[in-house]
Amino acid sequence: MLTRRQLLQLGASTLALPASSLLAEKQTPAQSTTTLPLIQRPIPSSGERLPVIGMGTSRTFDADSSPETLAQLSAVIEAFFAGKGSVIDSSPMYGTAESRVGDVLKQMKDHPKVFAATKVWTTGKEQGIAEMEESARRMNVKHFDLIAVHNLVDWKTQLNTLKAWKKEGKVRYIGITTSHGRDHDEFLDVMRTEPIDFVQFTYNIANLTAEDRILPLAQDKGIATMINRPYQRGSLFKKSKGKDLPSLANDIDCTSWGQFYLKFILGHPAITTVIPATSKARHMVDNMQANFGRLPDKQQRAEMLRIFNSL
């Protein structure tokens, strides 16, 4: 079992490593994140600013509680904090993920403030309340910053509870999520009619469906956006494996294809935060470098898309 001192040293030393030693892909040099500005975006309903790169936990934190596993996941979260991250998103749908996040945070006697987000994923009012209370115990938080209705399951019932909880101060922000394209019509209806703060959905360089209706509506309604599956569950890397980064990467402070893909997403003005998930500290370090530096403008994003489609 690694000590906290060892984990801190790992996070600091890993963050200092050049990206070329972290990923098995060809890269070009770029400015160190230590000299680049942190990128933050406001939550429209409050003005509170969040770092643009958060952390997802689907699959990656659904793990056992052995000392070896906790040491590995602790190193991931240490790297996340070292990269100025704060948003950690989970769900009861993700098996033991909430519990593993809570276990790691309990071991860290002193850690940066977490913007704790989870979801409610059940039917029935009492069942929803019980599940959300259990999520808080698992993740070791007194009150969540954000709770969203997962994949619109019994959303009318659960949103009614969440609206009451927000009024009572039991949760700061509320929202809805989807990872299924078939739910977009209903998803859009909820965005139009309910007083929600956040929406979570899939959007990446290979899946631009959200640009048609979800992102414009989020801008119009002042709803924050949280992006899942930014790497399309890893399939983007199959396309760019072994390929040189384009010179454009230097202009937006990217040193890896992972950062290239994240910054393409962040170049859209309606994006609030992106939540890539990983169980490897070196990948987390790479993700967090996209939390700093320049973002692509509209013309650069068009060129990034052209480059990706030509790979």
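FYI, it's all coordinate maths here, none of it is from the lab. Model, not experiment: these values are computed from the prediction. With ideal geometry, Cβ positions are generated from the backbone for all residues, glycine too; neighbour counts draw on all protein chains shown.
Compare 262, 188, 215 in a GNM of the chain, Cα atoms joined below 10 Å, and give the one with the largest fluctuation.
188
Around residue 285, what is the net charge, scoring Lys/Arg as +1 and Asp/Glu as -1 over all other residues with Cβ under 13 Å from its Cβ?
Here the charged neighbours net out to +1.
Counting helices only, and only those DSSP H runs with n ≥ 4, report the 222 nm mean residue ellipticity of the chain as the sum of -39,500 (n - 2.57) divided by its residues, in deg cm²/dmol to the nearest 500.
It comes out at -12500 deg cm²/dmol, rounded to the nearest 500.
For the residues 256, 240, what sequence is obtained by ranking on other C-beta atoms within 10 Å, fewest first? Could you put the intermediate results ahead of the total?
Values: 256 26, 240 19.
Final ranking by Cβ density, sparse to dense: 240, 256.
Extending each Cα 7 Å along its Cβ direction at residue 46 and residue 156, get the distance between those two points in nm, one decimal.
2.9 nm
Summing +1 for each Lys or Arg and -1 for each Asp or Glu, what net charge is found among the other residues whose Cβ lies under 15 Å from the Cβ of residue 297?
Spelling it out: positives minus negatives among the neighbours equals +2.
Hey, fewest Cβ within 10 Å first, where do 278, 96 land in order?
96, 278
Mean separation of Cα pairs under 8 Å and 6+ residues apart, divided by the residue count of segment 66-116: what relative contact order is that in percent?
On the way: 27 pairs, mean separation 23.0, N = 51.
Value for segment 66-116: 45 percent.
State the Cα centre-to-centre distance between segment 234-311 and segment 57-95 in whole Å.
First find each Cα centre; the distance between them is then 22 Å.
Test of understanding: ordering 165, 257 by Cβ neighbours within 10 Å, fewest first, what list do you get?
Result, fewest neighbours first: 165, 257.
If you take every residue apart from residue 152 with its C-beta less than 9 Å away from the C-beta of residue 152, what net charge results, scoring Lys and Arg +1 and Asp and Glu -1?
Taking every other residue near residue 152 into account, the sum is -3.
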